[in-house]
Amino acid sequence: MTILAVETSCDDTCAAVLSDESRVLSSIVSSQVALHELYGGIVPELASRRHCENIRWVVEEALTEADLGLEDIDAVCVTRGPGLVGSLLVGVAYAKSLAYARKIPLIGVNHVEGHLLSPMLTNPNLDFPFIGLVVSGGHTSLYLAKAWHDYELLGRTIDDAAGEAFDKVARMLELGFPGGPVIEKRARSGNPEAVKLPRAWLAKDSLDFSFSGLKTAVRTAIERQGGLSSDNDNATFVNDLAASFQEAVTAVLLRKTLLAAERHQVENVAFAGGVSCNGYLRQRMSNAAQAQGLNFFLAPPQFCTDNGAMIALVGQRRLAAGLYDDLSLNPSSRLPL
Ligand code: KG4
Ligand code: ZN
């Protein structure tokens, strides 16, 4: 079955086409970063308006790149949650119209399930069971993925998501939005041991995460320095703080993932979501996995951040399992996995 997927859960308008053999024929992402960076973060109302403007041409481009027409599409999948409800609504309404007009199946997909399984898009040898860390702007959750559609939540953030912490720290350091890529860049010139920052291990053996204390510690470090300035010392300070922050986040994500793998006797580990684009995190986890004899899987960066291909992959499996929806499908901003 050739699948068209639409993803509009947050600020990117995405569409993708997946072939019968689960090959990505196209994956188009229209980023709204330029719009939202003016405000230092995502403005939900602006995001949904922009999705309305973009959705049609993003889908058209996905079809053109796949060299297919709408008549070649056997089913349409769409992210139904979690996410910003106004944004989700645009994708869901669009997919419903298409399914109705073309008389093809409609499949609602959980965004987090898309992220969790996204490493499978390029790693056909990633098998269940695996430990999957979904680490993005909205989520930091650790799962035991037992089989398709069978996931156990092992731990999650009790406050900020890791990506949210990257974004907030970047704002404190006046580095712009989104924070992840720019912190990674500045951290390359910094010393990860320069600023002592806390790691929130929480209760003994807990697989939950917390990043709000770390964020506060960064704010305190800036205040102790007397605020930011424009001299060279300031650039060194920002680089060091960025590197120390990145290391603090990495240390916690790594240790808890390894603990989960050990506890559940699982050999396969996968990272997904926007923060898993981070080269430092990827390298550190790759080294740690090798040292522990684990197989470590990652998606390429274009499938780590929000994209339609991961939604198409899950949708194709749901369709094969008979798990499709009808036109009463509604978005759900807090949809659990
Ligand atoms: O998966 P995603 O595109 O959207 C959500 O579902 O949230 O993730 C976006 C998040 C942002 O918080 C962004 O700062 C973070 O991923 N991110 C990164 C990097 N690239 C994107 N965080 C750390 N390092 C990066 N290189
Ligand atoms: Zn996402």
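Only bridges whose two residues both fall in region 126-298 count here: according to DSSP, what percent of them are antiparallel, nearest 5? Write down the numbers at each step before the final one.
On the way: 12 of 22 bridges.
Given both bridge residues lie in region 126-298, the antiparallel proportion sits at roughly 55 percent.
For region 15-97, which GluC sites (Glu not before Pro) are both in a DSSP coil and crowded by at most 10 other Cβ atoms within 10 Å? Can you show the working numbers first?
On the way: sites: 21, 37, 45, 53, 60, 61, 65, 71; in loops: 21.
Within region 15-97, the qualifying GluC sites (Glu not before Pro) (loop, at most 10 other Cβ atoms within 10 Å) are 21.
Counting protein heavy atoms only, region 126-298 has 45 percent of its accessible area on carbon and sulfur, 1.4 angstrom probe.
Treating each Cα of region 284-337 as one equal point scatterer and applying the Debye formula with no solvent, the log10 of I(q)/I(0) at q = 0.17, 0.29 Å⁻¹ comes out as -0.81, -1.14.
Per-residue 3J(HN,Hα) values for region 271-276, derived from phi via the Karplus relation 6.51 cos²θ - 1.76 cosθ + 1.60 with θ = phi - 60°, read 10, 8, x, x, 5, 6 Hz in sequence order (x marks Gly and Pro). So which lysines pass the test for residue 215, namely a Cα distance under 26 Å, with those fewer than 8 places away in the same chain ruled out? Partners within reach: 168, 185, 196, 204, 256.
By DSSP, the beta bridges lying fully in the chain are antiparallel in about 55 percent of cases.
Taking region 126-298, how much of its Cα-Cα pair set, in percent, is spaced more than 30 angstrom apart? Percent of Cα pairs beyond 30 Å in region 126-298: 18.
Convex hull volume per residue, computed on the Cα atoms of the chain, equals 126 Å³.
Here the Karplus curve 6.51 cos²θ - 1.76 cosθ + 1.60, taken at θ = phi - 60°, turns the phi angles of region 134-142 into couplings of 9, 10, 9, x, x, 9, 9, 9, 10 Hz, with x standing for Gly and Pro.
For the ranges 196-206, 213-223, what's the packing order if you count other beta-carbon atoms within 10 Å of each residue, average per peptide, and put the highest first?
On the way: 196-206: 12.6, 213-223: 16.4.
Answer by packing, highest mean first, reads 213-223, 196-206.
Accessible surface for region 126-298, divided over its residues, is 45 Å² per residue with a 1.4 Å probe. When Rg and Dmax are taken over the Cα atoms of region 221-337, they come to 20.0, 62 Å.
With θ taken as phi - 60° and the Karplus curve 6.51 cos²θ - 1.76 cosθ + 1.60 applied, the whole-hertz 3J(HN,Hα) list for region 173-183 is 8, 6, 9, x, 10, x, x, x, x, 6, 5 Hz, x standing for glycine and proline.
The values are calculated or read from the model by the stated rules, or taken from the named source; none is laboratory data. Because the structure is predicted, anything quoted here is derived from the model rather than measured. Here Cβ is always computed from backbone atoms with ideal geometry, including for glycine, and neighbour counts include all displayed protein chains. What goes into the accessible areas is simple: the full protein's heavy atoms, side chains included, and nothing from ligands, DNA or RNA. Shrake-Rupley method; radii C 1.70, N 1.55, O 1.52, S 1.80 Å.
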